[in-house]
Structures are given as structure tokens and as C-alpha cells.
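To keep things clear, I will list the structure first and then write my remarks on it.
Values in this text are rule-based calculations from the coordinates and carry no lab data. None of the values given here were measured: they were computed from a predicted structure. Every residue, glycine among them, receives a Cβ derived from its backbone with ideal geometry; neighbour counts consider all protein chains shown.
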Amino acid sequence: MNTDTVRPAVTELRLSAFKTHRGVTLPLTRLTLLSGESGSGKSSALQAYEILARLGSGEPLARAVGEVAGSPAACVPAGARPDEQGRRGFRIGCTVDGPAGPVSLDLAVQAEPELRIVGERLTGGGETLLTTALTDPNRPTVQAAWHTAGATPVTRAPLPDDRLGTSLLPLRVAGKTEGQRLVLAAAEQVVVALRSAFVCDPRPEVMRGVGAGGTGGAGQDGGCGADGAGGAGRGAGARRSGRGAGSGGGPGKPGGVGGAAGAWGARKRMGSGGGEAGSWGRDTEGARGEGRLRSSCDNLPAVLERTSQECARRHAVLVAAVREACAGPVEGLRAVPRQAGGTGHGAADAAGVAGPAGSSAPQGGAVGVRAVLDRGALGELPVEQLGDGELRFLALALVLLTGPEVLAMDPVGEVPSAHQQMTVMADGMDRCMDPRQARELVSLALRMTDRGHVRLLGTVRDPSVAEGLPGVQVLHLGV
């Protein structure tokens, strides 16, 4: 067992056959950065992880693949030839360490002519705990067999071919025998780790749209010269109707090591439950009202308003980090009322605040909030007037300093937060930033991951931003 983590965490990502990757295994530590030339597969690696995470959250396969990669065919390795039936696909997997020991999950997905999971294998404790296979192409099911170790060594039953079988096991396994309890412990460990992922891609152009009074929204192409990181396709419907199953609790839950979760907003525990989409793609006004940060960070002012009130110490750390990354003085960071009919040009006009901090209160009817930097004698500056790199730094720093209760994600509600750790996935972590800003962000990430409640998997163009920082693993792809 990898003793680096007592909370379930993905410690290895396998890209057996996915896009540009063939036979690639990536070891993941608490802070792993992927570097490489354009086209080396940095973004693809994160996409494979996100597909696994979405499936672990109960999403149907069509949505998990469509939201991330745009189309199933895009995931098939280049040059892969169809078989006699015209079938092509991809294979991905991961290893999750935790209280149940190392548990491996591997998937074979058919992308053409019809999207379906054609094979799944879950292994742990020296046993094959679950296998699935497509036995009848005309049926929307796979034949599953899971470890029982009782009077009947193996239990067989059909499972839907558009869902992750591992996430369905808690609903099918009673936990009466030692073998069944092993299956449940391993399945829960994988589901907890996969569902505890948050994909963060701050979009300065979208953040500015909201800050200036626009509606904003996710799913637009990223700016800043993204290294092959365009916006994901939206609206991919599930191939079949039906509702997904949550990763319910039940007998045989693995034990865990307690301790403080270290997450902001612990006052309000959000339930997980089932459903097709979980909380992925929660780009709705509801998330803004909850004060939960979306992946594009377009509702950052509302979240800042909440977090600044809930934890003054963490907010002070955020302000100190922003001070190091921004040009000019930074004495504070806060959310202020935004006035109806504001033009969005200048702090005094759009924020309804004239002059330096502490001056007169807003006049007229306030509509929502906007985030401003306190520049001391220079007055207040709306954050949407910051540079792209400064905006992305602010958003990513906020994510690293918060937790699942503040982010638009759906961790397993049945498992205490002290037994979980969040994994932040940040593609283009240094995008738009100068080396000084990028290094400051990596240093902040290192401090937070050392505390054990958060992990980070990111991509960078310039690996030198991590030089001399112990505890940062840099994997060079395409070498």
C-alpha cells in the first residue's frame, strides 16, 4: 500500500490506448505537473482522468466522453484500424490507493460504430473483484461477474453498458461475505477518489463578462493562446435514457484516518445523491446563488463574498498570494454591490464605490456583487480589469485554498470529508502567466498539497517554474 495517502487518491493513470498515447503509465503524486511540446498529450492525459472521474460520479458514458473530448471518435488513437465489424475504441485506467490498499480499474470503451463500455476490470487485494464483457452486441448490457468468496465464488448479472460497473456495485452487493466486503471496500475507494475531482479552467473572457454585468457562461473557447485547450463540446445527450445510480454507502465501507478536512464552507454539507449528471457541468444560476465556484470561475465574485466571510485566515492567505502575483499595491480583496445600470467601466461607476476603500456606500439599487482589489491610496480596482494572468492566478489560488463545499463538485456525501481529498485538475496552469506568477502559484499549490487535503494534476508549458521546489513531480511527455 502506498502510505503517501490514507485518503483515497488516484496514484497512477494508465493511457493504454487514448488519443496520442499508447501504453503510457503516469505515476501521480500529491503535486504532479505534465510538461511537453504542443501535441505531446498533456491535455489528453487530463481528459482521460476527467472521463474516469465523470463515470465514477455516475454520468452516462455519452455525456462523460462528449463533455470532455467532443466526440468518442476523438478519443481513438490515431491510426487505429477498425476490426471486421467496424469497431474502434480506446482503453484507459487508473490505480487508487487508500485504506483498502491499491485498487486498479481498467476500461475498454468501444467508440465506433456505437459508444459503449465493452470491458471493465477491478482488481485489489490480490483478487479480480469485477469483470465485465460484451457478450451480445444486440443488447445494451454487459455480462458482469464479481467476487463473492462464499458458497458461490462468483456472482453474475447483467449491467448497463453505458455506466461504470464499479460505481453500481454498492447497489448490487450485499456485503454478507468477506469477499463481498472486499468488493465493496475497493469499489467505494475508487468511487470516492474519482468523484473528488474538480476540473478548473478559469476563463478570463467569461469572468470579465460576468464582472462587467454580463451573463457569462462556460463552454467558450479558452483565450490566452491555450496550448490546444479549446472549450469542450456541450449538449452531448446520453445514448439511452434512464437515471444513474449514486455511490451509496452500505456494509463494508473501508476505514479511514480522521483529521480536519481543511475545507472552506464546512458549515453546509452538500448531499451527493445519484442522477445522470452529478454536479458536472453545473453552469447554472443555481451555483451562483449557492456561492459554489464553477469550473470556468465566471461566478468568482459571489464565491469571494462567501469565502471572505467564512474564513478570515484563509482569505488573508489569498490576499497575500494575490499581492505577490499582481502588479501594483494590493491591500485587500472583497466583493461589493454592483449597481443596476452600471456601465462596467471603472471601479467607481460599476461597483458604486467612489474613491479609496472605506468611502461612501453604494447608492441606488444593487444588483449582485463584483470583486474589487483594494489598492490603498489608488482606490479600488474591479478584478475584471486585471490582466489575463492575474485573473487566472486569482481564480486558481482561490480553488487551492477552498474545498468541495465551495466548489461546484459532488463528492461522496456518505463518506466523511476527513476521509476524502480533493484532486484539482488544471490544464494550462501557467497559461497567460509570466514565470514569476507561475512559480508563485506552484509554490502555493505545494503548500496546500503538503497539508494532505488537496492534490493537484496540472499541465505547464515551462517546467522550470517548478525547479528547486521539493515535492513537485514534473513528468515530461513526448520525450
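Leu171 to Glu84: extension gain in nm, 0.36 nm per residue of separation minus the Cα-Cα distance?
Contour length minus Cα-Cα distance gives 27.7 nm.
To the nearest 0.05, what FRET efficiency results for Gln309 and Thr25 with a Förster distance of 35 Å applied to their C-beta separation?
Here the calculated transfer efficiency is 0.20.
Using the basic label-point model (7 angstrom from Cα toward the beta carbon), what is the Asp434 to Glu114 distance in nanometres?
That separation, rounded to one decimal, is 5.7 nm.
Figure the gain on full extension for Gln143 and Glu127 (residue separation times 0.36 nm, minus the Cα-Cα span) and round it to one decimal in nm.
Length gained, Gln143 through Glu127: 3.9 nm.
Let's test the formula: R0 of 25 Å, r as the Cβ-Cβ distance of Glu37 and Glu324. What FRET efficiency results, to the nearest 0.05?
After rounding to 0.05, the efficiency reads 0.30.
For the stretch 366-479, calculate the relative contact order in percent as a whole number, restricting contacts to Cα pairs under 8 Å that are 6 or more residues apart.
So the answer I get is 24 percent.
What's the magnitude of the charge dipole for the stretch 11-143 around its Cα centre, counting Lys and Arg as +1 and Asp and Glu as -1 at the beta-carbon? Answer in Debye, nearest 20.
Rounded to the nearest 20 debye, it is 220 debye.
Report the extension gain between Ala74 and Arg447 in nm, rounded to one decimal, defined as 0.36 nm multiplied by the number of residues separating them, less their alpha carbon distance.
So the extension gain works out to 130.6 nm.
In what sequence, highest mean first, do 461-468, 101-108 appear when ranked by Cβ atoms within 10 angstrom?
Per-residue mean Cβ counts within 10 Å order the peptides as 101-108, 461-468.
Give me a comma-separated list of calculated 3J(HN,Hα) values for the stretch 63-70, in order, Karplus coefficients 6.51, -1.76, 1.60 applied at θ = phi - 60°, integers in Hz, x for any Gly or Pro.
My calculation for the stretch 63-70 gives 6, 4, 7, x, 5, 8, 9, x Hz in order.
Rounded to the nearest 0.05, what FRET efficiency is calculated for Leu378 and Ala157 with R0 set to 51 Å and r the Cβ-Cβ distance?
That pair, Leu378 with Ala157, gives E of 0.15.
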